[in-house]
1. Glu46 - would you say it is among the acidic types (Asp, Glu), within 18 Å of Arg81 (Cβ to Cβ) and out of contact with any strand residue (DSSP E or B) (no Cβ under 8 Å at 6 or more places or on another chain)?
2. Take the residues of the stretch 48-84 that are surrounded by 13 or more Cβ atoms within 10 Å (Cβ to Cβ) and of a type in the set (Ser, Thr, Tyr): which is nearest to the chain's Cα centre (by Cα)?
3. Looking at Leu75, Leu28, Leu43, which one is touching a residue at least 12 places away in the same chain (Cβ under 8 Å), of a type in the set (A, V, I, L, M, F, W, C), part of a loop (DSSP other than H, G, I, E, B) and on the phi < 0 side of the Ramachandran plot?
4. Take the stretch 1-12 and flag every residue that is part of a strand (DSSP E or B) and out of contact with any helix residue (DSSP H, G or I) (no Cβ under 6 Å at 6 or more places or on another chain).
5. So which of Arg23, Arg80, Arg19 ends up being in a strand (DSSP E or B) and either out of contact with any helix residue (DSSP H, G or I) (no Cβ under 7 Å at 6 or more places or on another chain) or modelled with pLDDT of 95 or more (or both)?
6. Filter the stretch 52-66 down to the residues that are in contact with a strand residue (DSSP E or B) (Cβ under 6 Å, 6 or more places away or on another chain) and of a type in the set (A, V, I, L, M, F, W, C), then identify the one that is nearest to Arg40 (Cα to Cα).
7. Could you please find all residues in the stretch 21-47 being among the small types (Gly, Ala, Ser), under 10 Å from the mean Cα position of the chain (by Cα) and surrounded by 15 or more Cβ atoms within 10 Å (Cβ to Cβ)?
8. Would you mind stating whether Val18 is surrounded by 16 or more Cβ atoms within 10 Å (Cβ to Cβ), in contact with a Ser or Thr (Cβ under 7 Å, 6 or more places away or on another chain) and among the β-branched types (Val, Ile, Thr)?
Amino acid sequence: MPYPEPMTTYPLVDDWRVRINGREPHPLPHVHVQFRDGSRVSLAIETGELLPGFGTPRKRLVPVRAWIVARRETLLAEYRRLNP
């Protein structure tokens, strides 16, 4: 049985939750955000840029981006720990 991928999941905030996956196949530090309704986006940690392939109303991303900015260094350190 294979080992699960390393991952850090942060507590639910309003209607969304942030996750950082380990062993990502691409080097851009980013977080995965899942909304309570099942919508998902990925945002770059350093810029807050919405990664290609994802879409959600920009208004929904305002509090998520503010949360990321407030924790940017911690999130970058965690991403690098999980993706050496």
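1. Working: among the acidic types (Asp, Glu): yes; within 18 Å of Arg81 (Cβ to Cβ): yes; out of contact with any strand residue (DSSP E or B) (no Cβ under 8 Å at 6 or more places or on another chain): yes.
Yes.
2. Among residues in the stretch 48-84 that are surrounded by 13 or more Cβ atoms within 10 Å (Cβ to Cβ) and of a type in the set (Ser, Thr, Tyr), the one nearest to the chain's Cα centre (by Cα) is Tyr79.
3. Working: Leu75 fails: part of a loop (DSSP other than H, G, I, E, B); Leu43 fails: part of a loop (DSSP other than H, G, I, E, B).
Testing whether each residue is touching a residue at least 12 places away in the same chain (Cβ under 8 Å), of a type in the set (A, V, I, L, M, F, W, C), part of a loop (DSSP other than H, G, I, E, B) and on the phi < 0 side of the Ramachandran plot leaves just Leu28.
4. Here is the first cut: in the stretch 1-12, the ones part of a strand (DSSP E or B) are 7-9.
Passing the criteria: Met7, Thr9.
5. Residue meeting the stated conditions: Arg19.
6. Once the filter is applied, the top-ranked residue is Phe54.
7. Kept after step one, since they are among the small types (Gly, Ala, Ser), are these residues of the stretch 21-47: 22, 38-39, 42, 44.
Checking which are under 10 Å from the mean Cα position of the chain (by Cα) leaves us with 42, 44.
Once the filter is applied, which keeps residues that are among the small types (Gly, Ala, Ser), under 10 Å from the mean Cα position of the chain (by Cα) and surrounded by 15 or more Cβ atoms within 10 Å (Cβ to Cβ), the stretch 21-47 yields only Ser42.
8. Working: surrounded by 16 or more Cβ atoms within 10 Å (Cβ to Cβ): yes; in contact with a Ser or Thr (Cβ under 7 Å, 6 or more places away or on another chain): no; among the β-branched types (Val, Ile, Thr): yes.
No, not satisfied.
The values are calculated or read from the model by the stated rules, or taken from the named source; none is laboratory data. Predicted model, so just to flag it, every value in this text is computed and none were measured. Note: ideal-geometry Cβ built from the backbone for every residue, glycine included; neighbour counts use all protein chains shown.
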